[in-house]
Amino acid sequence: MLDNGRIIAETLKNLGIINDLQVSEALKVQADTKERLSQVLSKLGYISNENLAKSLLPQFGIIPLEISKYDFEADLIAKISPELTKCHRLIPLEKTDSTLKVITDDPFNFLALSNLEKFCGEHLELELTTKEEFDKAFEGIYGKKKVNERDIDIMVDKIGKQTLSVGEEAILTQEKVPKEEAPIIRLVSLLITEAVKNRASDIHIEPLEKKLRVRYRIDGVLHEVPGPPQKLRGSVISRIKLMAGLDIAEKRLPQDGRIRIGLLGKKLDLRVSTLPGIYGESTVLRILDKSSLLIDLSELGFSSEDQQKFEELIAMPNGMILVTGPTGSGKTTTLYAALNKINQPNRKIITIEDPVEYQISGINQVQIKPQIGLTFASGLRSMLRQAPDVILVGEIRDFETATIAIQASLTGHLIFSTLHTNDAAGAVTRLSDMGVKPYLVASTVQAVLAQRLIRTICQACKKPYQPTEDELAAFDLKEKDVKNITFYHGTGCSECSHTGYKGRMAMFELLIVSDLLRELFFEKVSSSVIKDKACEAGMRTLRRDGIKKVFAGITTFAEVVRVTQSDIE
């Protein structure tokens, strides 16, 4: 098989455009980067588009084509996706009985041409144009003219009549933009504003085969809302990436960024994550409302006895307190509430987090940066030289971090951290699985707090109701056990978007490590044995705490079942 790269290099050398040394260097670079040779030569500064057009291409019998006079056929354009067209710089132009004529500004992309021939099942005839002409044609076919005010107006009507005020839109955009881009900015601003108005914690923008789906996560549950037309997919996602400071040209790799905005009287952080999919980039915006993160312990949902115990624990001079639960269960909010409670001028508090979700006055906070070597473990090791009284480690992920945190607690520091486990007892076995010695766990861990978030009944449509026998049976309850209790549920109204729920509250499982439990840690017993012994000592499980909130008229049996596992014999 002919080496196309060497053919091009030899032709350029024979024309006197490059020399042997430059050919050798370009081929070495190409072997490392796997880029097309024309790209490598251009990046090294040895050739330019003008060299190719005027000197090289006639050698291959290729004459640059002026395409501004051509009308592109919709049926032909539909043969190749916009993504493929943009990536490989190929646009279908004309079709005859035996060939498909395509235009490009890079005639040496042999692999793309070969793949396109196989994909279309047609023999390709190549026409060359300049980069400027190609970009103009691409924009005319796929670009900005596809975005129009009518599409945006339809979208606005579907989502709602509310629009951003001038002040709010100015905060969102933060720059002057060309008139043709304003509709997309207005659309993205509207999607964010409506999410905030509906108390959403996340915005999910997901390209599917035949539509662009938008969903808001409200009170922990996803709700689909009217989305933009599918043809606006690229423009919407590019706008979000631009706001987050991401690379809009990079669509093959996941990216993470952040948007800081002021909206509806609130200061918000939007954590942006993009993930390449088969139909485009899936984009998620996590909405962090700074005003909701720093709250009092009494607002979290603790029972009076558990709150008293927890406040006594966080006032201790040393030891380790762990908060466990899945992502999105409110662990960070609980830890911030605890730090806010003990944040006094006579105590030095340092945190290391990923990311720092809220800036607390009087506390030293560190954001990890793995790309430069600042990890939980390395940051924690350096923190100990700062002589802190209290340290918050955002998450214990590995043996090294766990070991340093435990050593810190042994040397007189109070350590807060999180783990991903299903219940409080599971934290002990999780540390053991990481390789931490049982005697170290027994010596340092003072308590483990497991938690989940449950939706609370909407106060606007809250009505009494009689639970069914099946509902009671799921919690091992009989009618005689609840005969003096009034149960409530939400019937659904405009205040709660007809879900019957509005707002969330935490359920807790507080495991305080006693001398008996420390002995069990030494014996390496299973988490189920630890849980049983803790319950015998008075620990209320997550589900039991949920039942107590049902009895208090805060939530429903169905909601407790949704977020907890059965622990009732």
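The values are calculated or read from the model by the stated rules, or taken from the named source; none is laboratory data. If you're wondering where the values come from, they're calculated on a predicted model, not measured in any experiment. So basically every Cβ, Gly included, is an ideal-geometry build from the backbone, and we count neighbours across all protein chains shown. The area values use the complete protein model at the heavy-atom level, side chains included, leaving out ligands, DNA and RNA. Shrake-Rupley method; radii C 1.70, N 1.55, O 1.52, S 1.80 Å.
Some observations on this one:
- Heavy-atom surface analysis with a 1.4 Å probe gives the stretch 231-298 a carbon and sulfur content of 54 percent of its accessible area.
- Subset of Lys331/Lys549; Lys131/Lys210; Lys197/Lys267 violating a 22 Å alpha-carbon distance limit: Lys131/Lys210
- Efficiency of FRET from Cβ geometry, Leu384 and Arg518, R₀ 30 Å, rounded to 0.05: 0.75
- Solvent-free Debye scattering, log10 I(q)/I(0), computed from the Cα coordinates of the stretch 377-455 at q = 0.19, 0.21, 0.23 Å⁻¹: -0.79, -0.95, -1.13
- Note on the stretch 260-415: antiparallel DSSP beta bridges, both residues inside, total approximately 55 percent of the bridges counted.
- Length gained on full extension, Lys13 to Asp296: 94.4 nm, using 0.36 nm per residue less the C-alpha separation.
- Ligands, DNA and RNA are left out, and with a 1.4 angstrom probe the accessible area of the stretch 309-446 is 40 Å² per residue.
- About the centre of its Cα atoms, the stretch 374-457 shows a dipole size close to 100 debye [charges on the beta carbon of Lys, Arg (+1) and Asp, Glu (-1) only; nearest 20 debye].
- Sorted peptide list for 184-192, 477-485, 222-230, 250-258, criterion being average Cβ within 10 angstrom, highest first: 184-192, 222-230, 250-258, 477-485
- For the stretch 430-465, backbone nitrogen atoms closer than 14 Å to the point 7 Å from Phe399 Cα along Cα-to-C-beta are found at 431-438.
- Within the accessible area of the stretch 325-474, the carbon and sulfur atoms contribute 47%, probe 1.4 Å, all protein chains present.
- Cα gyration tensor shape of the stretch 476-566, rounded if a/c is under 1.5, else prolate or oblate by comparing a/b with b/c: prolate
- In the stretch 242-353, taking the dipole from charged Cβ atoms about the Cα centre, the farthest positive-side position among Gly280, Leu322, Ile350 is held by Gly280.
- Segment His223..Ala552, full-extension length gain: 115.7 nm, with 0.36 nm per residue of separation and the alpha-carbon distance subtracted.
- Whole-number accessible area per residue in Å² for the stretch 200-276, which is evaluated in the context of all protein chains at 1.4 Å: 48
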